[in-house]
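Notes to accompany the following structure.
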Amino acid sequence: MLIFDAHLDLSLNAITYNRDLRQSVRQLRASEQGEGLLAGWGCNTVAFPEMRQAGIGLCVATQLAGCMKPAAAGGGWNSPEQARAMTQGQLAWYRAMEDCGELRQIRCLPDLEQHLEQWNRDPTTTPIGYILSLEGADSLRTIDDLEISFEQGLRALGPAHYGIGRYAMGHDQDGPLSQPCRELLYAMDRLGIILDATHLCERTFFESLDVFTGPVWASHHNCRAIVDDPRQLSDQQIRLLASRDAVIGVAFDIWMGVPNWKRLVSNHDSYPGANMEALTRHVDHICQLVGSVDHIGIGTDLDGGFGTEQTPSDLDTIADLKVFVDLLKQKGYSDDDLEKICHRNFLRVLRTAWKR
């Protein structure tokens, strides 16, 4: 089964964590022995070999460098110029991985269809395809940078991350759609860049979808009805996304999967139900709420500033996504349903976006 993972912070891990993702997860863990300053140190889950084992032939890979304070992963730069330099360094890493045959950037519909055909023929040696996304718009000094980034292959953008962003408030804040964000959305619409609604505070979320007319997705989200937190999507937000033919990627950060998990406090010994079975309940909730499987996919966010200390207890590496698919099958999802969840739904959004 081909898996499309709609959110992986590959360049953050390669550059900030200094991980050579061509090595296996085991090799990377062995190299990170001892105490580290970064969350998830020594317990990573993502590397190219394990992505291939999972069947991930296509992913959305991020650039991430924000100016918000206090800083989340990939944040805390003191100026947009510094943040921009960081995202350009991350882009240079993606280019280096293209040069050595590990990754292939997908920019347009012919790229996508050619890649899928080649991957289906030969998933062993075909480079993993990636769609470039920007998580948080702080690094865009002006709208001119968006034009340049589009030429570099940027095809999806989430205006906010954590905190008070230069363009938009993160989910942990509150505020209306700003004029700079409004102008950003107009420019994205004109260029055909997909809006990633993830991390937007609730007011900005609804106002952005009023302004933005193009394709939308929510790359890594779970359900507020199950885990009550502003980071999660309310039922009203889920219904609105479905009405826009958007897709929501179920996230594998376990505090978003089970109620009352306290980050840096809870652990798997004290919370035995914090597993992938819990994540299937978010899939069920979305499907039942909107009446179909057409609006749910996978957006793991694995190694997004955390490691196995905060993943489902039955996930050791990203290769274990196969277990998640098996759990959905055991719950009665058909093969057709599983294909939609694993790749076809997000592919539909891409094809719609790139036919405009």
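Quick one: would you say H220 is open to solvent by less than 10 Å² (accessible area, probe 1.4 Å) and at positive phi? Please lay out each step first, then the result.
Working: open to solvent by less than 10 Å² (accessible area, probe 1.4 Å): yes; at positive phi: no.
So H220 does not fit the description; no.
Suppose we keep only residues that are of a type outside the set (A, V, I, L, M) and open to solvent by 10 Å² or more (accessible area, probe 1.4 Å) within segment 197-213. Which one would you say is farthest from D172 (Cα to Cα)? Talk me through it step by step, then tell me what you get.
Step one: list which residues in segment 197-213 are of a type outside the set (A, V, I, L, M), which gives 198-199, 201-208, 210, 212-213.
Imposing the further condition that a residue be open to solvent by 10 Å² or more (accessible area, probe 1.4 Å) reduces the set to 202-203, 206-207, 210, 213.
Details: E202: 9, R203: 12, F206: 15, E207: 17, D210: 21, T213: 25 Å.
Here the answer is T213.
May I ask you to verify whether K329 is open to solvent by 70 Å² or more (accessible area, probe 1.4 Å), closer than 14 Å to V283 by Cα and part of a helix (DSSP H, G or I)?
On the way: open to solvent by 70 Å² or more (accessible area, probe 1.4 Å): yes; closer than 14 Å to V283 by Cα: yes; part of a helix (DSSP H, G or I): yes.
So K329 passes the test.
Cβ-Cβ below 8 Å, separation at least six or inter-chain, first residue in segment 280-296 and within 19 Å of D326 (Cβ to Cβ), second surrounded by fewer than 21 Cβ atoms within 10 Å (Cβ to Cβ) and basic (K, R): which pairs?
T280/K331; D284/K331
Among the residues of segment 279-311, write down those that are among the aliphatic types (A, V, I, L, M), buried (at least 20 other Cβ atoms within 10 Å of the Cβ) and outside any loop (DSSP other than H, G, I, E, B).
Step one: of segment 279-311, the residues among the aliphatic types (A, V, I, L, M) are 279, 283, 286, 289-290, 293, 296, 298, 302.
Within this subset, residues satisfying the condition of being buried (at least 20 other Cβ atoms within 10 Å of the Cβ) are 279, 283, 286, 293, 296, 298, 302.
Those that are among the aliphatic types (A, V, I, L, M), buried (at least 20 other Cβ atoms within 10 Å of the Cβ) and outside any loop (DSSP other than H, G, I, E, B): L279, V283, I286, I296, I298.
In segment 207-219, is there at least one residue being at pLDDT 95 or above and within 18 Å of Q63 (Cβ to Cβ)? Explain how you work it out, then say what you get.
So the first thing to find is which residues in segment 207-219 are at pLDDT 95 or above, and the list is 207-219.
Next cut, within 18 Å of Q63 (Cβ to Cβ) only: 217, 219.
For segment 207-219, residues at pLDDT 95 or above and within 18 Å of Q63 (Cβ to Cβ): present.
Hey, among the residues in segment 63-83 that are open to solvent by less than 10 Å² (accessible area, probe 1.4 Å) and touching a helix residue (DSSP H, G or I) at 6+ places or on another chain (Cβ under 7 Å), which one's farthest from L302 (Cα to Cα)? Explain how you work it out, then say what you get.
Residues of segment 63-83 open to solvent by less than 10 Å² (accessible area, probe 1.4 Å): 63-66, 68, 83.
Narrowing the set further to residues that are touching a helix residue (DSSP H, G or I) at 6+ places or on another chain (Cβ under 7 Å) leaves 63-66.
Working: Q63: 15, L64: 15, A65: 18, G66: 19 Å.
Top of the filtered list is G66.
I'm trying to understand the selection: among the residues of segment 128-160, which are open to solvent by 20 Å² or more (accessible area, probe 1.4 Å) and part of a loop (DSSP other than H, G, I, E, B)?
Passing the criteria: R141, T142, Q152.
Residue by residue, here is whether (1) touching a strand residue (DSSP E or B) at 6+ places or on another chain (Cβ under 8 Å); (2) aromatic (F, W, Y); (3) in contact (Cβ under 8 Å) with a residue 40 or more places away in the chain holds:
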{"position": "W119", "(1), (2), (3)": "yes, yes, yes"}
{"position": "T125", "(1), (2), (3)": "no, no, no"}
{"position": "I128", "(1), (2), (3)": "yes, no, yes"}
{"position": "E135", "(1), (2), (3)": "yes, no, yes"}
{"position": "A156", "(1), (2), (3)": "yes, no, yes"}
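For segment 273-283, does any single residue satisfy the condition of being more than 26 Å from V25 (Cβ to Cβ) and polar (S, T, N, Q)?
Taking segment 273-283 and keeping what is more than 26 Å from V25 (Cβ to Cβ), we get 281.
From what's left, polar (S, T, N, Q): none.
Within segment 273-283, none of the residues are more than 26 Å from V25 (Cβ to Cβ) and polar (S, T, N, Q).
For residues that are open to solvent by 60 Å² or more (accessible area, probe 1.4 Å), touching a residue at least 12 places away in the same chain (Cβ under 8 Å) and either under 16 Å from G305 (Cβ atoms) or in contact with a Ser or Thr (Cβ under 9 Å, 6 or more places away or on another chain) (or both), tally how many sit in segment 17-39.
Here the count works out to 2.
Let me confirm something: among T213, T198, which residue is more than 18 Å from C287 (Cα to Cα), assigned to a loop (DSSP other than H, G, I, E, B), of a type outside the set (A, V, I, L, M, F, W, C) and in contact (Cβ under 8 Å) with a residue 60 or more places away in the chain?
Working: T213 fails: in contact (Cβ under 8 Å) with a residue 60 or more places away in the chain.
T198 is the lone residue from the list that is more than 18 Å from C287 (Cα to Cα), assigned to a loop (DSSP other than H, G, I, E, B), of a type outside the set (A, V, I, L, M, F, W, C) and in contact (Cβ under 8 Å) with a residue 60 or more places away in the chain.
Go through (1) out of contact with any helix residue (DSSP H, G or I) (no Cβ under 6 Å at 6 or more places or on another chain); (2) buried (at least 22 other Cβ atoms within 10 Å of the Cβ); (3) modelled with pLDDT of 95 or more one by one and return the number of the condition L91 breaks.
(2)
The values are calculated or read from the model by the stated rules, or taken from the named source; none is laboratory data. In this text the structure is predicted, and so the values were computed from the model without any measurement. Reconstructed Cβ throughout: ideal geometry from the backbone, glycine too, with neighbour counts over all protein chains shown. Ligands, DNA and RNA are stripped out before the accessible areas are found, and what is left, the full protein with its side chains, is counted by its heavy atoms. Shrake-Rupley method; radii C 1.70, N 1.55, O 1.52, S 1.80 Å.
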